[in-house]
1. Out of everything in the stretch 66-112 that is among the small types (Gly, Ala, Ser) and touching a residue at least 60 places away in the same chain (Cβ under 8 Å), what residue ends up being surrounded by the most Cβ atoms within 10 Å (Cβ to Cβ)?
2. Any residue that is in contact with a helix residue (DSSP H, G or I) (Cβ under 9 Å, 6 or more places away or on another chain), closer than 20 Å to residue 144 by Cα, modelled with pLDDT of 85 or more and aliphatic (A, V, I, L, M) - is there at least one of those in the stretch 58-73?
3. Of the residues that sit in the stretch 41-63 and are in contact with a Leu (Cβ under 9 Å, 6 or more places away or on another chain) and in a loop (DSSP other than H, G, I, E, B), which one is surrounded by the fewest Cβ atoms within 10 Å (Cβ to Cβ)?
4. Just name the residue that is farthest from residue 235 (Cα to Cα) out of those in the stretch 187-223 that are assigned to a loop (DSSP other than H, G, I, E, B) and in contact (Cβ under 8 Å) with a residue 12 or more places away in the chain.
5. Do you know which residues across the stretch 165-186 are assigned to a helix (DSSP H, G or I) and surrounded by fewer than 16 Cβ atoms within 10 Å (Cβ to Cβ)?
6. On the given criteria, is residue 130 at pLDDT below 85 and touching an Asp or Glu at 6+ places or on another chain (Cβ under 9 Å)?
7. Return yes when residue 162 is at pLDDT 85 or above and surrounded by 18 or more Cβ atoms within 10 Å (Cβ to Cβ) and no when it is not.
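The values are calculated or read from the model by the stated rules, or taken from the named source; none is laboratory data. This is a predicted model, so every value here is computed, not measured. Using ideal geometry, Cβ is built from the backbone for each residue, glycine included, and neighbour counts are taken over all protein chains shown.
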Amino acid sequence: MASTRKRHSRNELSPASAGPEAEPTAEVDTAELGLYSVGEVRLLVLDDDPSVCKLIRSALAPHKFVIDVVSEPARMEAQLRAKSYHLVILDYVIPGLESDQLLGWVRELQPDASVLVITAFPSIDSALSCLRARTYDYLTKPFQVDELRRLVTRCLESKGLLRLSEEALREALGMAIRERRKALGLTLAQMAQRTGLSLGYLSQIELGKNSASVETLYRISLGLALKMADLFQSVQKTL
């Protein structure tokens with residue numbers, strides 16, 4: 001596929017100037033999301049527009065990742081050889097490079113990395129190429145910052161590199177239980193009758209102030225007409 005020069009409007013991408021090509025490694029904090037990294041998490045961003053690289057780095061806050069960015073096409077292969085990454089975020093159309101060539105480098109040099117493709121030129125051909133390359137997902141520009149964060153978070157969670165803290169998990173479960181109960185039109189007292197649990201204990205669980213045992217979660221799930229797996233699935237959807 002022939003490379004095409006990309007044009008981004010000011011409304012699509014609005015970060016300040018990204019500065020020089022070789023930016024230092026970025027580290028940002030994940031505490032606000034209640035997530036923590038299991039060891040060092042390394043990401044590589046490949047896009048010929050430095051402002052897009054800077055936007056992606058900013059979009060991934062607050063996480064605590066090591067993020068390298070390369071916007072000069074001639075340096076991309078060397079960076080892929082330099083060290084291993086857990087996730088590579090790349091632009092599908094980069095002037096001077098064939099898209100299949102770049103994906104081939106990633107498959108050869110980063111066999112264990114997941115790949116997230118971002119493009120301003122979506123097409124059936126590019127989507128099929130990404131599917132054949134087993135990319136994790138495919139985003140079109142201009143992309144939503146929240147969508148990028150969600151995809152990166154889910155990808156790294158699926159690799160076991162990001163986990164919810166115990167406190168955040170309690171709060172997320174409590175919120176999921178409360179929202180389901182209210183959707184069914186049930187009061188806490190009615191839930192207490194359905195589950196055989198005390199009203200005060202249920203209240204503490206919904207507020208995320210008390211950990212529930214597996215047996216307790218099973219009772220709550222039955223009371224909410226849910227499978228336990230569905231309850232945890234609803235927690236994942238909030239991330």
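1. 99
2. Yes, that holds for at least one residue.
3. The extreme case among them is 62.
4. The selected residue is 196.
5. 166, 167, 179, 182, 183
6. Yes, satisfied.
7. no
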